[in-house]
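Structure record follows, encoded as structure tokens.
The values are calculated or read from the model by the stated rules, or taken from the named source; none is laboratory data. Since we're looking at a predicted model, the values are computed, not measured. Ideal geometry is used to build each Cβ from the backbone, glycine not excepted, and the neighbour counts take in all protein chains shown. All accessible areas refer to the heavy atoms of the entire protein, side chains included, with ligands and DNA or RNA removed. Shrake-Rupley method; radii C 1.70, N 1.55, O 1.52, S 1.80 Å.
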Amino acid sequence: MREAVVLLASWLFACLLLSCGQAARQGQDVRCGACRALVDEMEWAISQVDPKKMIQTGSFRINPDGSQSIREVPLARSEGNLLDLMESVCERMEDYGERIDSSTNRKSYVRIKSRSGEAMDLSEASLDSRVTATLKFACETIVEQNEDEIIEFFAHETDNVKDKLCSKRTDLCDHALKMPHDEL
């Protein structure tokens, strides 16, 4: 009898560890997916700003030699514009659905609403308000905790921001290098 109780307790403990591991992995999948979606949405929003528009930044004070420390930067990648974009980027998480990879059982998030209005293939994506709410919350948390890094990357970086920000800088995606780059 005692052996049966010990065996049952061991089995329950193993199940608990397994479910905790799956929950942690699912939480990481959501955070990683939110980061990757955030990067996609920020890149798209930046691309919508006229690249010819410039903004003056720097100090408007006059230096002792009579000069000013003003420089012009593209409006799209200015700190003010990036802050404005970050205020609304997480609202667009409602445009994403969840897809589960059948071979790895990992979750990823794909855009389910076209920006141009064209029809999209939604056969592999599940639409769920709980998923979009969780993704939105994860996005808001990422923006709040990594605001400076996000601004730094989008102000200066233009290549491979997804992997650099989501994997290397914030460590939100441990498996991102195995993901296709056009997934989101």
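Say we look at region 76-94 and pick out the residues that are open to solvent by less than 30 Å² (accessible area, probe 1.4 Å) and not in a loop (DSSP other than H, G, I, E, B); which of these is farthest from Thr134 (Cα to Cα)? It would help to see each step written out before you state the result.
As a first pass, look at region 76-94 and keep what is open to solvent by less than 30 Å² (accessible area, probe 1.4 Å): 76, 78, 81-82, 85-86, 89-90, 93.
Next cut, not in a loop (DSSP other than H, G, I, E, B) only: 76, 81-82, 85-86, 89-90, 93.
Working: Ala76: 29, Asn81: 26, Leu82: 23, Leu85: 20, Met86: 18, Val89: 15, Cys90: 11, Met93: 9 Å.
Out of the qualifying residues, it is Ala76.
Give me a count of the residues in region 112-135 that are touching a Lys or Arg at 6+ places or on another chain (Cβ under 9 Å) and either within 22 Å of Leu83 (Cα to Cα) or hydroxyl-bearing (Ser, Thr, Tyr) (or both).
1
Which ones in region 31-46 are more than 15 Å from Arg77 (Cβ to Cβ), open to solvent by 10 Å² or more (accessible area, probe 1.4 Å) and not basic (Lys, Arg)?
Asp40
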